[in-house]
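Contents: one structure, followed by commentary.
The values are calculated or read from the model by the stated rules, or taken from the named source; none is laboratory data. Since the model is a prediction, treat every value here as computed from it, not as a measurement. Glycine gets a Cβ as well: all are built from the backbone with ideal geometry, and neighbour counts include every protein chain shown.
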Amino acid sequence: MFPIEPSLGLLIAVRVSGLLALAPGLSGCAIPIRVRVAMVFVLTVLLAPSQSGHAAVEDVVQMLRLGIRELCIGLALGIAVRTLIFGAQWAGQMVGNTVGLGAGDTAGESSGAPLGRLLELTALAVYFAVGGQRQLMAALLESYSLFPLGVAEVPAELSHGLVNVLSQGAAWALRIAAPALVAIFSATLAAGLIGRAIPHLETVSWTASTNTLVAFAVLSLSLGSIGALFPAELEAVWAALSEGWRPGPP
């Protein structure tokens, strides 16, 4: 027998579905639909006993409003942790576009962004290595204490938390990309000065190659820094989200 009213179980499943729709490593096409449905069912069953004290929902309109609220909360959780992965991808795209590696087949998932894809996969691997999926489940449990079932209004704190998280993610992306961009700018400036000092030396022919080598060298160092700094950034994201979600003083 299911340990909770079916209507409440459905609401739990909606929040979990929103989270898994954007959770790193679980939302891509590599995970079959049946596996994701099974994960939603298992998590719903595990969470159900903790939410059994709420009254069942019998009104269809009320159920729809509650479902929209639960979906928004789940998506907010998924966006929070996905921000760091997107930040690493964005940093790689910025560097790739700067050195001329941004062109490619626009039909692909990682079209024109080989460096972005590299940093994205690196951040994803570090995310699982440091136990980010466990922190995500802990945040899901905490969300039920902050936003319990049975309230129809979408909490305004969601937007506050997401603003904090997006700011954190943008700063993370700039910290990854800034060293490579500064190195590329310095190499281009040096090539320009050499070209002015030695007019007969054709700097254009080797400037692009030099910039690419510099970018790859600096990004190689950045891969190690991602592994070292990612746990602290993940903690900072959850802290920013939790701070935005907790109501302030009246």
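Tell me whether segment 142-163 contains one or more residues that are within 14 Å of L234 (Cβ to Cβ) and out of contact with any His (no Cβ under 7 Å at 6 or more places or on another chain). Outline the logic, then answer.
From segment 142-163, those within 14 Å of L234 (Cβ to Cβ) are none; that's our starting set.
No, there is no match, as no residue in segment 142-163 is within 14 Å of L234 (Cβ to Cβ) and out of contact with any His (no Cβ under 7 Å at 6 or more places or on another chain).
Matching residues to (1) part of a helix (DSSP H, G or I); (2) modelled with pLDDT of 85 or more; (3) under 19 Å from the mean Cα position of the chain (by Cα):
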site: G18; (1), (2), (3): yes, yes, yes
site: A30; (1), (2), (3): no, no, yes
site: V35; (1), (2), (3): yes, yes, no
site: M39; (1), (2), (3): yes, yes, no
site: T44; (1), (2), (3): yes, yes, no
site: S50; (1), (2), (3): yes, no, no
site: V57; (1), (2), (3): no, no, no
site: L71; (1), (2), (3): yes, yes, yes
site: G78; (1), (2), (3): yes, yes, yes
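Looking at this structure, is R134 under 24 Å from L11 (Cα atoms) and of a type in the set (K, R)? Here the answer is yes, as R134 does meet what is asked.
Quick check, is L213 surrounded by fewer than 18 Cβ atoms within 10 Å (Cβ to Cβ), modelled with pLDDT of 70 or more and more than 20 Å from A123 (Cα to Cα)?
On the way: surrounded by fewer than 18 Cβ atoms within 10 Å (Cβ to Cβ): yes; modelled with pLDDT of 70 or more: yes; more than 20 Å from A123 (Cα to Cα): yes.
Against the criterion (surrounded by fewer than 18 Cβ atoms within 10 Å (Cβ to Cβ), modelled with pLDDT of 70 or more and more than 20 Å from A123 (Cα to Cα)), L213 qualifies.
Please find, among L229, L234, L221, the residue that is modelled with pLDDT under 75, in a helix (DSSP H, G or I) and not β-branched (V, I, T).
Working: L229 fails: modelled with pLDDT under 75; L234 fails: modelled with pLDDT under 75.
Just one listed residue meets the conditions, L221.
From A125, A129, A173, A178, which residue is over 26 Å from L66 (Cα atoms), surrounded by 19 or more Cβ atoms within 10 Å (Cβ to Cβ) and either modelled with pLDDT of 80 or more or aliphatic (A, V, I, L, M) (or both)?
Numbers: A125 fails: surrounded by 19 or more Cβ atoms within 10 Å (Cβ to Cβ); A129 fails: surrounded by 19 or more Cβ atoms within 10 Å (Cβ to Cβ); A178 fails: surrounded by 19 or more Cβ atoms within 10 Å (Cβ to Cβ).
Result of the check over A125, A129, A173, A178: A173.
The test for being in a helix (DSSP H, G or I), modelled with pLDDT of 80 or more and touching a Phe, Trp or Tyr at 6+ places or on another chain (Cβ under 6 Å) does not hold for A138.
Against the definition (more than 16 Å from A91 (Cβ to Cβ) and at pLDDT below 70), how does G192 come out, yes or no? Break it down into steps so the answer makes sense when it comes.
Values: more than 16 Å from A91 (Cβ to Cβ): yes; at pLDDT below 70: yes.
Taking the combined requirement at face value, the residue satisfies it.
Pick from segment 80-122 the residues that are more than 26 Å from L213 (Cβ to Cβ) and at pLDDT 80 or above: which of them is surrounded by the most Cβ atoms within 10 Å (Cβ to Cβ)? By that ranking, first place goes to A80.
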